[in-house]
Amino acid sequence: MTKIRRIHVPMLSPDDVIPHLGAPGHYRFPRSGWCIANHWFVANDLPDLVRLTLETIPLFGGAELIEGLIERHVELGDGATASQTDLLAILGVGTELAIMAIEGKVDETFGRLVSEELSEASERKTARVRRLAALFGLSVADAGPLRYQLFHRTASAIFEAKRYRAKSAVMMVHSFDANDCGLSDFKQFAAAIGLANAAPTWTVGPVDVAGIALYLGWTADRPSNEGYTIVDRRKSDCLE
């Protein structure tokens, strides 16, 4: 496993993220990597619609962005390949810290189902899938029809909350797709781990996961090469 770096320098421009991307060729407007890097860099704070979504939970009213780490590698406690989170936000909430893992999406799905991952997984990968399912109180059979990426991205928020000694964690999807691609999968995952009523421009929770108060949110944003656009909640989804 590649050693996770703990020493950082400030970004001078959004393009500084390119060497850290899993697929640098995808860094272009209006793809999610470009949108996340540019919108968060310009805001230098929680983007307006992300804040609006987060603050549907009173706990996060007036949350302060302490630091934002783009393309953050998170070790999931088993020594296997790290999960690469699009952006890890360290938040100040009153006198405490909270952790928010941001997953950027345009029209991408959340990847393969857990059942598909297991169909050709190594013993090590199988052990990780079982461990992540158990983290959220699910059996492998219950996790089978859910998207695997949602498990390890949400687990990233939990593990980083523990590392930062925070009590609360959020996994926030920052969607830039007019059809909110993947929303039905997100809702299905949320319901499976005990968080009903997930919806665009809304945050739900908490549910206790390994002693951390976990919240899930979906920010329905739209790509713009000049900034971001606030939109009303939508119920549509992408065709996969």
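Observations on the structure shown:
- Just one of (1) within 16 Å of the chain's Cα centre (by Cα); (2) at pLDDT 95 or above; (3) among the small types (Gly, Ala, Ser) fails for ALA192. It is (1).
- Criterion applied to ALA127, ALA169, ALA196, ALA178 was being in a helix (DSSP H, G or I) and of a type in the set (A, V, I, L, M), and the one residue passing it is ALA127.
- Checking each residue in region 55-100 for being touching a residue at least 40 places away in the same chain (Cβ under 8 Å), in a loop (DSSP other than H, G, I, E, B) and either basic (Lys, Arg) or more than 20 Å from VAL204 (Cβ to Cβ) (or both) picks out GLU75, LEU76, GLY77, ASP78, GLY79, ALA80, THR81, ALA82.
- The one condition in (1) modelled with pLDDT of 90 or more; (2) part of a loop (DSSP other than H, G, I, E, B) that VAL50 fails to fulfil: (2)
- Selection count, region 77-96, where residues are out of contact with any strand residue (DSSP E or B) (no Cβ under 6 Å at 6 or more places or on another chain) and either under 30 Å from ALA134 (Cβ atoms) or acidic (Asp, Glu) (or both): 7
The values are calculated or read from the model by the stated rules, or taken from the named source; none is laboratory data. Because the structure is predicted, anything quoted here is derived from the model rather than measured. Note: ideal-geometry Cβ built from the backbone for every residue, glycine included; neighbour counts use all protein chains shown.
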